[in-house]
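Participant: Once you've had a glance at the structure underneath, I'll fire off some questions.
Taken together, the values in this text are just the output of simple stated rules run on the coordinates, not laboratory data. On a predicted model such as this, the values are computed, not experimentally measured, just so you know. Counting neighbours? That spans all protein chains shown, and the Cβs are built from the backbone with ideal geometry, glycine included.
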């Protein structure tokens, strides 16, 4: 006699156990784009290297990091970290302190002497003009791909605006030099005090196969201010540049800085450290409209820098400056009021922006220049074949991070161009938004705060203001990452599935669904902490 269907011992043969036949929707594992990765101008796989850092494998984390960014010790100090502004954890408690973990990894690499391997020589030679962040990044990535690289730098030192535009209290020079040395050790040739007057001639003379233009914005913009000969009016670029020499600028006891960007704040803070009793920033709009980053403004205020909002300088006398008060119209633009006041000061520093010297491009055929910037296409190549450009030379936000991203993008496109190939941009995944997360599973973990130098030393020395993390708190901070949109093998889906339809594939291999048994209930989707599972129609 046949056994009753309900008590058959061959469970796998029972149609009743193939509950997948009831399903109208199915769960699917996905990799969504973490918002930190999406926001990084350098294109770092932030979540990827944080994953290795939180397991304590710092070298593996660093190696993942430097696939995209060759100078993490620098970037961890000077990047304005838009990744953190986009971090989903900020909606839960506080953002992950990404840039501080990056700095820790960079410093650890310098301490331990970690190096990178380059591909076999390609036989191609690329000229890079400018040893700033964009040029150094391009050289690094070109060497990774096996190309010979020579950098021609007009100045006496490497680093570009990282050295001549960022004060030592934000970026110690030993850190900058060590990061550059690693790039040189890869085989990059850097020729200092070697200004290129003619790009075409330089390429022909050196037998280069391509060129990347990475000249920084070192020319200060000026403003017409009626002044007598006795007035001391300087520009911010010259002041910061002279800080790298033996003779420091003589700014006097009272210093006025005219401008509202990060450079203006840097000069005002530098003046305090040089002994100025009063350092005053004059800006024509309000603090809310100021382009300088708020945390830099706050640090400057802590150090005794004074701010004069809604003001513009009209005239300079021998020992004073006439300032006109402004007011914002309904569109937020400053308008003169006719109300004047006098500020006593020994010097005025103009921090009104910078331009790039493009005279070296006079003989480059077909080049398109608009508003003092070189126009490039999607591949970073100009209208002249084999001539690429990035950083301050092209239309973009002028930050170290953007410049490093340009260098990487240009290098990969130069590599493709040299091989006669076309570099296809990877398809972006769907963004991992906060509503995709199940934050109930994450424990409370307060953000790790960086140590800060005491105010007295900040006002009198150029010691680094912000300290770094040690191995203990760097590990803690890395573990605050929510791994938005990407499976980190927490086993939640495996544990909550009522049909045992989730198959574990082993460490590092994640999971897969057995659709014979999955009935599409969606519990795994609802209970996935990081939003790495979605539901799709069974007809797809």
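Participant: Pop a pseudo-label 7 angstrom from the Cα along the beta-carbon direction at both residue 441 and residue 301 and give the gap in nm to one decimal.
Facilitator: For residue 441 paired with residue 301, the spin-label model returns 4.1 nm.
Participant: Calculated FRET efficiency, residue 177 and residue 287, Cβ-Cβ r, R0 25 Å, to nearest 0.05?
Facilitator: The formula returns an efficiency of 0.10 here.
Participant: Based on the Cβ-Cβ distance from residue 505 to residue 23, what FRET efficiency comes out when R0 is 22 Å, to the nearest 0.05?
Facilitator: Details: r = 22 Å, r/R0 = 0.99.
Working from the Cβ atoms, E equals 0.50.
Participant: I would also like to ask the following. Write down the percent of antiparallel bridges among all DSSP beta bridges whose residues are both part of region 225-353, to the nearest 5.
Facilitator: 45 percent
Participant: Please tell me the relative contact order of region 225-353 in percent, rounded to the nearest whole number, where contacts are Cα pairs under 8 Å and at least six residues apart.
Facilitator: Working: 281 pairs, mean separation 43.0, N = 129.
Relative CO of region 225-353 lands at 33 percent.
Participant: Which three lengths, in whole Å and largest first, does region 225-353 cover when its Cα atoms are put on their principal axes?
Facilitator: 48, 36, 23
Participant: Output the antiparallel fraction of DSSP beta bridges having both residues in the chain, as a percent to the nearest 5.
Facilitator: 45 percent
Participant: A further question on this structure: Using the scaling law 2.2 N^0.38 Å as the reference, what is the normalised Cα Rg of region 278-334? Mind dumping the intermediate values first?
Facilitator: Values: Rg = 12.6 Å, N = 57, 2.2 N^0.38 = 10.2 Å.
Normalised by 2.2 N^0.38 Å, the Cα Rg of region 278-334 equals 1.23.
Participant: Using 0.36 nm per residue, how much length does the chain from residue 85 to residue 456 gain when fully extended, once their Cα-Cα distance is taken away?
Facilitator: That pair, residue 85 and residue 456, stretches by 130.5 nm at full extension.
Participant: Which of these values of Cα extents along the principal axes in Å was calculated from the structure shown: (1) 117, 56, 47; (2) 73, 62, 44; (3) 69, 64, 47?
Facilitator: Given (1) 117, 56, 47; (2) 73, 62, 44; (3) 69, 64, 47, the calculated one carries the label (1).
Participant: Quick one: length gained pulling residue 248 to residue 491 fully straight, 0.36 nm per residue minus the C-alpha distance?
Facilitator: Using 0.36 nm per residue and subtracting the Cα-Cα distance, I get 81.5 nm.
Participant: At a temperature of 4 °C and a viscosity of 1.567 mPa s, determine how fast region 478-540 diffuses translationally according to Stokes-Einstein, using the Kirkwood radius over alpha-carbon pairs as Rh; express D in µm²/s, rounded to the nearest whole number.
Facilitator: In µm²/s, the coefficient rounds to 104.
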